[in-house]
Amino acid sequence: MGYRAVDIHVHVGNLNHWKPWVKEWWQRTNPRDFAMVREDGSLDREAFLEHLDEVGVKYVVVLAERSPATTCDVPTEEVLEFCRGEKRFIPFCNVNLHLTDKPLRDFQEYLDLGARGLKIHPVHQLFYPNDPRLYPLYAVAQERGIPVMFHTGSSIFPGAKLKYGDPLLLDDIAVDFPDLTIIMSHGGRGFWYDRAQFLAKIRPNIYIDVSGLPPGRLLEYFPELERLKEKFIFGTDWPGAMMDRNIEAFLALPISPGAKEAILMENARRVLGLG
């Protein structure tokens, strides 16, 4: 199989854990791939693996998200169970400061259970990413070489608060934890693209994942995409977007083959420690 990409941003939680209107929105956005969802709301794992083969995706990062106030409550335990025993699935845990009084304990337990990264969703979970209560988690992630992913930029979902999504908030973390791998999902989507690109340029430990963005407009959003090709990582935000269509649109960009290979595959392999 000629794999073309790693998708660093995928959601596969049981659809019953999402707000009904979110499920309806995703079904309208990507009806084809919803055929893989069983009647009980769970995703057919084998069908999903076959789909990855069909579209040429080698690995996917599967994200937990506990955001009951806005969109969903997909617990880390569910993501870990979905990924168990399948090396192509890379589980990222999630911690919500409003739902636990022991975030460090929870994070360490998730790592012990097999989580390979941490996802923080400030605009849905309604706290700042540089909240001091998260610093012990970042210290552990830095020590253990665990990447931390942050939603940056806008969200169209009701209840989301955009003030928490400013990429500049991550500069504190990048400076205070210089060996921590930081991934800015969506690259400051909406009105912070230039800020996200500048941070990726000046901070060695900051990367941008381009999920949730139309690939055909990436050079408009990030004019230095080619020059900063080692700092961008491909992702789709599946099932909100079709993997194959996004890959084809990305391959059509007027950038070098080396930049395409780095962004589609090699940068994620390096950041995720895939060899």
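The values are calculated or read from the model by the stated rules, or taken from the named source; none is laboratory data. All values derive from a computational prediction rather than experimental measurement. So basically every Cβ, Gly included, is an ideal-geometry build from the backbone, and we count neighbours across all protein chains shown.
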Checklist entry - How many residues are farther than 20 Å from His186 by Cβ, under 14 Å from the mean Cα position of the chain (by Cα) and free of Cβ contacts under 8 Å to residues at least 60 places away in the same chain when one looks only at segment 116-145? => result 0
Checklist entry - Can we say Gly153 is of a type outside the set (Lys, Arg), touching a strand residue (DSSP E or B) at 6+ places or on another chain (Cβ under 6 Å) and over 30 Å from Leu49 (Cβ atoms)? => result yes
Checklist outcome for this item: Of those in segment 157-193 that are touching a Ser or Thr at 6+ places or on another chain (Cβ under 8 Å) and part of a helix (DSSP H, G or I), the residue nearest to Ile206 (Cα to Cα) is Leu170
Checklist outcome for this item: If we keep only residues of segment 235-269 that are assigned to a helix (DSSP H, G or I) and of a type in the set (Gly, Ala, Ser), then the residue farthest from the chain's Cα centre (by Cα) is Gly258
Checklist entry - Are there any pairs, at least 6 apart or on different chains, whose C-beta atoms fall under 7 Å, with the first in segment 238-261 and free of Cβ contacts under 8 Å to residues at least 60 places away in the same chain and the second of a type in the set (Ser, Thr, Tyr), and if so, which? => result Asn246/Thr236
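What helices (runs of 4 or more DSSP H) lie completely within segment 46-154 and have 1 or more residues being acidic (Asp, Glu)?
76-83, 103-113, 135-144
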Item to check | Only listed residue being within 26 Å of Ala64 (Cα to Cα) and surrounded by 17 or more Cβ atoms within 10 Å (Cβ to Cβ), chosen from Phe222, Phe234 | outcome: Phe234
Next on the checklist: For segment 10-17, check the following and say yes or no: at least one residue is at pLDDT 95 or above, in contact with a strand residue (DSSP E or B) (Cβ under 7 Å, 6 or more places away or on another chain) and outside any loop (DSSP other than H, G, I, E, B).
Outcome noted: yes
